[in-house]
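S.K.: Following this message is one structure expressed as structure tokens.
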Amino acid sequence: MSEYRDAAFYVHLITTADPFGNEVRIERDDPAEEISMYKELHHMWASEWADTPHASAKLASLNADLLRRDRAEQAKVHTTAEVIDAFIRDKRAALRGQPMKELRSGLELFNHFMGDTPFNALTKAKLREFRDAVPRLPARIAHNVKLKTMSFPELLTVTEQNGLKRMSARTVDTKISAVRQLLKWAVETTDFIREDLSGVLKRKYVNDTDNQATSPYKAFERQHLKNLISSYLYRGEIPTRMRTMSPYRFWIPLIALYTGARLEEICQLYLQDVVEMDGVLMFRITPDDDEGVGKKVKIKTLSSHRSVPVHSRLIEFGLPEYVRELRAEGQVRLFPDLGNDNAKGKFGFDAGKWFGDTMRKTIDYEKGQGYCFHSFRKNFIQQLQNVTDVPREVRKALVGHSVGDGDVHEVYEGEYSPAVLKANIEHLKYDFLDITGVSWADYKARLSAWKGLTGR
């Protein structure tokens, strides 16, 4: 709630920053004196803020600072919201960005569940009730006006009766983890509760038959892919209505179609990751930084670290030429227009929004039908699945799924050679797609014409 603070408030708190830019408060030596200071500030600012905008939020912020220091006050009865405020204020310097956003989201859900129940009236039975209810809740409650106003019992009922999509196992884990952190803090750092109740919530959540028995993603239909290839990205004039165009729009759907790679895996590629290995041009999905450029990547799992051959179609489309152009410009990343300075901290953030908001209409599918950028991954796997000459283990190695069942034989196995992977990925064909004329050179020519018409 720092946005509600006035400058004079910070003067009283004597706030500074360390050499690394982290917020540092100069604590008073005498805890009693510090608490007295906060009480004095509260009295002063309560009257000062009385008729100002966001008065209640300002006071809540001040109360939280006082509450997380005054152990005598913590022993009294407090609402869950008050304890959460104090917890968030205690964590604000250590957690920022997405981690703080996820923490707040989980705690807001818990506060919704608790309602008027005092925080120190929590019981293991109450926590078990919360733990068992969360996996049965609908997804994206905060984004639905009607769902946000419903009680927990109402949410469970409407989800069951209407067959609403439920939270993923990862989301359930994130929200319950936030409450576990709160409970540990409340007993280990403060005196809000006397017993550590967090063990009730210690469980690994997985998708079960009642939550998500099958993947929520569908492979694109043939018509979807035909719509994509016949779009302005690959044929005809680029519409003048387009506000911006970038090379990633041409390349990432094609790379996804011919590698099965995830969106973030593609968008965060560096030029050093398009490299020859044993005479085979490969995409390296790895944190290894051979050129020392300060490589920043996020890779989902250990099995996701892999090298994937560049399909001959991508070579025909002009990928090597594109890479050479970027190197000549002094670039270090395959898609320099994509940055990770966003709420998610992901290179694929802008590309994902573009694909989901704009290309969705061109490909012609509606939201909520199971189609999205991840559908390319399913297309890749299913196309290779229908080629009997490609072993399942090779398919899994290409897309970064765990290979084998961990038996003794697997322990002695190494990675597949580039030659073996190349021979197998070349079985991938989309014979129903007319890719005649699709090329990087053609795209550049059409892009040049578009810039001439739009003045961009």
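S.K.: With Cβ to Cβ distances under 12 Å as the rule, what net charge do the other residues near Ala125 carry (K, R +1; D, E -1)?
M.R.: Within the 12 Å Cβ shell, the charges total +2.
S.K.: Which residues in segment 154-181 have a backbone N closer than 17 Å to a point placed 7 Å from the Cα of Lys146 along the Cα-to-Cβ line?
M.R.: 154-166
S.K.: A further question on this structure: Rounded to whole Hz and in sequence order, give me ³J(HN,Hα) for segment 443-451 from the Karplus expression 6.51 cos²θ - 1.76 cosθ + 1.60, θ = phi - 60°, writing x for Gly and Pro.
M.R.: 4, 4, 5, 5, 5, 5, 5, 4, 5
S.K.: In nm, to one decimal, how far is the modelled label at Arg136 from the one at Asn342, with both set 7 Å along Cα→Cβ?
M.R.: If labels sit at Arg136 and Asn342, their model points lie 3.6 nm apart.
S.K.: Let me ask another. For Ser307, what residues show an amide H to amide H distance below 5 Å, using hydrogens built from the backbone and excluding near sequence neighbours?
M.R.: Ile285
S.K.: May I pose another question? Under 20 Å from a point placed 7 Å out from the Cα of Lys444 along the Cα-to-Cβ direction: which residues of segment 324-356 have their backbone N that close?
M.R.: 324-338
S.K.: Another question, then. In whole Å, what is the distance between the alpha-carbon centres of segment 240-256 and segment 261-299?
M.R.: 20
S.K.: About the Cα centre of segment 161-303, what is the dipole size in debye to 20, counting +1 per Lys and Arg Cβ and -1 per Asp and Glu Cβ, all else neutral? Don't skip to the end; give the middle numbers.
M.R.: Working: 23 positive and 18 negative charges, 161 e Å.
Approximately 780 debye in magnitude.
S.K.: Let me ask something else about it. List the equivalent ellipsoid semi-axes of segment 275-340 in whole Å, largest first, each obtained as the square root of 5λ for an eigenvalue λ of the Cα gyration tensor. If you can, show how the numbers build up before the last one.
M.R.: Numbers: eigenvalues 77, 62, 26 Å².
Equivalent-ellipsoid dimensions as semi-axes: 20, 18, 11 Å.
S.K.: Using modelled backbone amide H atoms (1.01 Å from N, in-plane), which distant-in-sequence or interchain residues come within less than 5 Å of Leu281's amide H?
M.R.: Excluding prolines and chain starts, which carry no amide H, the hits are Val310.
S.K.: Efficiency by 1/(1 + (r/R0)^6): what FRET value for His112 and Gln223, r their Cβ-Cβ distance, R0 = 30 Å, to the nearest 0.05?
M.R.: Efficiency for this residue pair is about 0.10.
S.K.: If I ignore ligands, DNA and RNA and count only protein heavy atoms, how much of Arg222 is accessible to a 1.4 Å probe, in Å² to the nearest 10?
M.R.: 150
S.K.: Counting Lys and Arg as +1 and Asp and Glu as -1, each charge on the Cβ, what is the dipole of segment 111-158 about the Cα centre in debye, to the nearest 20? Each step should come with its number before you reach the end.
M.R.: On the way: 8 positive and 4 negative charges, 33 e Å.
It comes to approximately 160 debye.
S.K.: If the viscosity is 0.890 mPa s and the temperature 25 °C, what translational diffusion coefficient in µm²/s does Stokes-Einstein give for segment 111-171 when Rh comes from Kirkwood over Cα pairs? Kindly include the intermediate steps, with their values, before the conclusion.
M.R.: Numbers: Rh = 12.4 Å.
D, rounded to a whole number, is 198 µm²/s.
S.K.: Turning to a different aspect of this structure: Using amide H atoms built in the peptide plane, which far-off residues or other-chain residues are under 5 Å from Arg333 H to H?
M.R.: It is Leu271, by chain and number.
S.K.: So what's the net charge close to Asp389: Lys and Arg +1, Asp and Glu -1, counting the other residues with Cβ under 14 Å from its Cβ? Show your work: numbers first, answer last.
M.R.: Values: positive: Arg392, Arg395, Lys422, Lys429; negative: Glu393, Glu426.
Neighbourhood net charge equals +2.
S.K.: While we're looking at this one, here's another question. Calculate the dipole size of segment 73-169 relative to its Cα centre from +1 charges on Lys and Arg beta carbons and -1 charges on Asp and Glu beta carbons; express the result in debye to the nearest 20. Before the final figure, lay out the partial values.
M.R.: Working: 17 positive and 11 negative charges, 78 e Å.
Approximately 380 debye in magnitude.
S.K.: Determine one quarter of the surface area of the Cα convex hull of segment 303-456, which equals its mean projected area, and express it in nm² to one decimal. Please report the intermediate quantities before stating the final value.
M.R.: On the way: hull surface 52.5 nm².
Average of the hull's projected areas for segment 303-456 equals 13.1 nm².
S.K.: I've got another one for you. HN-Hα J couplings of segment 129-134 from phi, Karplus 6.51/-1.76/1.60, θ = phi - 60°, integer Hz, Gly and Pro as x?
M.R.: Whole-Hz 3J(HN,Hα) from phi for segment 129-134: 4, 5, 4, 7, 7, 4.
S.K.: Can you work out the Karplus-derived ³J(HN,Hα) for every residue in segment 232-238? Use 6.51 cos²θ - 1.76 cosθ + 1.60 with θ = phi - 60°, whole Hz, and x for glycine or proline.
M.R.: 4, 5, 10, 8, x, 6, 7
S.K.: If you roll a 1.4 Å probe over segment 247-379 with all protein chains in place, what percent of the accessible area is carbon or sulfur? Don't skip to the end; give the middle numbers.
M.R.: Numbers: 2690 of 5660 Å².
About 47 percent, which is the carbon plus sulfur part of the accessible surface.
S.K.: Between Lys367 and Ile315, take the C-beta separation as r, use R0 = 41 Å, and let me know the FRET efficiency to the nearest 0.05. Could the numbers behind the result be given before it?
M.R.: Details: r = 34 Å, r/R0 = 0.84.
That gives a FRET efficiency of 0.75.
The values are calculated or read from the model by the stated rules, or taken from the named source; none is laboratory data. Keep in mind it's a predicted model, so treat the numbers as computed, not measured. Cβ coordinates were reconstructed from backbone atoms using ideal geometry, including for glycine residues, and neighbour counts include every protein chain displayed. Protein only, heavy atoms only, side chains kept; ligands, DNA and RNA dropped before computing areas. Shrake-Rupley method; radii C 1.70, N 1.55, O 1.52, S 1.80 Å.
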